Structures are given as C-alpha cells and as structure tokens.
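J.: Pasting a structure here, questions to come.
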Amino acid sequence: MDETQEAPLRPAPVVRRADVADIVAAIEAGLRDFRRAPLYGLFFGGVYALGGVAACYFMTAIGWGWLVMPMMAGFALIGPFIAVGLYEVSRRLSTGETLSFGAVLACMFRQGGRELGWMALICVFAFVMWMYQIRLMVALFFSFAPIELGAFLRMLVTTQQGLIFLTIGTAWGAVIAIVIFSLTVISFPLLLDRDRDFITAMIASVQSVIKSPVVMVGWGLVTVALILIACLPFFLGLPIVLPVLGHATWHLYKRLVEPE
C-alpha cells in the first residue's frame, strides 16, 4: 500500500486594500533604500538606460528610426524584470543580510530557472507584441516604407491619419499597459520573496488592483509617466528614476501582502 500523501495545498497570499498612504510610504522607503545603496541603483538603472540607447541606435541604423518613440513607450513593460535586482537589494537591506554585487547578481541568475523566469517571458512577450502591433498599424494607416523619425513625427501631428493613429495607438497601448501592470505590480517581488508559482503570483497581483483600483492604477500611471520622462533625454534619467521606483515597488508589495 502506497503511504505517500500529497502535500497540503498552501493558502493563497492574502492581499489587503491599498490607500494613498501606502504609496507615499513606499516611495519614501524607496528613496531611503536608494540613498543607502546608491551604487546598486545606479548600476541597474544604468544597464536599463544603456539597453534603451543601444536599441534606439539599432533602430536608427537599420532605417527604423520612426519606431524609436513606440519603443520608448513600450520600454516600461520590461521594467519590472530589470528591477528584480533592486528588489533583492531592498530585501537584503530590510533583513540585514550581507549586501554585495555578487550576492545580488547570483540571486538574479537563480531566478532564471524558477517561476520568476516565466514572468519575465510574459513581459518580454508583451513588449514584442507591442512593437509588432505598432509596425502593423503603421502599415495599415500609412502604407509606406520606413522613413526618418522627424518626417514621421511631422506626419503624425499634421495629418488626419496621423492623429487617428495616435489616438488608437495610445488607447491600445493603455490597455496593454494596464493588463501587464495588473499582472506584474506585485508578482515579481512576491516570487522573489516566496517560493510560489507564477500563476498564484499573478492572481495576487491582479487582486491588489481589483481591491484598490484607483490607488493602484494611479500608482501605475505615475510609474509609467516617470519612466517616460526619464527616457526622453536619451534615457539619462533612468539611473535615478528606475532604482527609486524599483525599491518603492518592493516596499509596496511588503505593505500589501500579508506575511505567510
């Protein structure tokens, strides 16, 4: 007789409602973590910025400069994955564990074979689909070969087709951003902090938005706006903005998800 018993199901993470005070406290804690460990924030923010610069240069080099702006808009979709290292820094600062680049990077590499890796794939897939859909919309609205970025921008704001394109593209981009934000706002830090599956983490993340839609969507809008502003001067603001937002996201997760 097989006496093997199935392991009991673990209860789902308990997510509480968020209020504005939680957002303010998370941002303040994010600023404190950045000041306590600035080199880590500058490193991960710098890597993110260099990736954006390299992608823009590549697009321009192959004659797709008109895709630079949509790419910058979609760049925020992969921000939660890049911020994993920042979550680990905040976790170590809060627990008093030894903080070193080796330990933080090792933790990030270990996530590649765990559930967090699946969440990363979801973010990358969303970014790729966003870029593909923009390319398809350009073909449908303008039916031209790729042109110089300046000419494309002038066409957007001086023609009826361009204004319609901007309206539809912005609305569709907002839908994608809200969906990805809802799936990832606390799922990445939860998976880093706890040994749970990525489906459970996504459900908990969506619950945090459903329970506090105004506060959480407001936080998402602030996050996207700050990242876009930081991207505008050749991504130069990202080494500061991304670390603060990353640390703040960790602390927001700790405030919203009750301990096991």
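The values are calculated or read from the model by the stated rules, or taken from the named source; none is laboratory data. Given the structure is predicted, the values throughout are model-derived calculations rather than measurements. Don't worry about glycine lacking a Cβ; one is built from the backbone with ideal geometry, like all the others, and counts go over all protein chains shown.
J.: Any idea which of 106, 151, 145, 171 is assigned to a helix (DSSP H, G or I), modelled with pLDDT under 85 and exposed (fewer than 14 other Cβ atoms within 10 Å of the Cβ)?
T.: Every option except 151 fails the conditions.
J.: Collect the residues in segment 36-89 that are among the aromatic types (Phe, Trp, Tyr) and in contact (Cβ under 8 Å) with a residue 40 or more places away in the chain, keeping them in residue-number order.
T.: Scanning segment 36-89 gives 40, 43, 44, 48, 64, 66, 75, 81, 87.
J.: With the checklist (1) out of contact with any strand residue (DSSP E or B) (no Cβ under 8 Å at 6 or more places or on another chain); (2) modelled with pLDDT of 90 or more in hand, flag the one item residue 166 doesn't pass.
T.: It fails just one condition, (2).
Residues are listed down the side, and each one gets a yes or a no for (1) touching a Phe, Trp or Tyr at 6+ places or on another chain (Cβ under 7 Å); (2) surrounded by 15 or more Cβ atoms within 10 Å (Cβ to Cβ); (3) among the acidic types (Asp, Glu):
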{"site": "176", "(1), (2), (3)": "yes, yes, no"}
{"site": "192", "(1), (2), (3)": "yes, yes, no"}
{"site": "214", "(1), (2), (3)": "no, no, no"}
{"site": "232", "(1), (2), (3)": "no, no, no"}
{"site": "245", "(1), (2), (3)": "no, yes, no"}
{"site": "250", "(1), (2), (3)": "yes, yes, no"}
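J.: Something else about it: So in segment 194-203, with the set limited to residues that are out of contact with any Phe, Trp or Tyr (no Cβ under 7 Å at 6 or more places or on another chain) and within 11 Å of residue 184 (Cβ to Cβ), which one is surrounded by the most Cβ atoms within 10 Å (Cβ to Cβ)?
T.: For segment 194-203, the residue satisfying everything is 201.
J.: Give the number of residues within segment 173-210 that are of a type in the set (Ser, Thr, Tyr), more than 24 Å from residue 130 (Cα to Cα) and under 17 Å from the mean Cα position of the chain (by Cα).
T.: 1
J.: Taking residue 125 as the residue in question, decide whether it is of a type outside the set (D, E, K, R), over 23 Å from residue 221 (Cα atoms) and assigned to a helix (DSSP H, G or I).
T.: Against the criterion (of a type outside the set (D, E, K, R), over 23 Å from residue 221 (Cα atoms) and assigned to a helix (DSSP H, G or I)), residue 125 does not qualify.
J.: Which residue out of 92, 10, 32, 114 is among the charged types (D, E, K, R) and in contact with a Leu (Cβ under 6 Å, 6 or more places away or on another chain)?
T.: One residue alone meets the criteria, 92.
J.: Are any residues in segment 49-96 assigned to a helix (DSSP H, G or I), small (Gly, Ala, Ser), over 21 Å from residue 137 (Cα atoms) and out of contact with any His (no Cβ under 8 Å at 6 or more places or on another chain), and if so, which ones?
T.: Passing the criteria: 49, 51, 52, 54, 61, 79, 85, 94.
J.: Return yes or no: is residue 156 in contact with a helix residue (DSSP H, G or I) (Cβ under 6 Å, 6 or more places away or on another chain), of a type in the set (A, V, I, L, M) and assigned to a helix (DSSP H, G or I)?
T.: yes
J.: Moving to a separate point now. Kindly establish whether residue 91 is among the basic types (Lys, Arg) and at pLDDT 90 or above.
T.: In short, yes.
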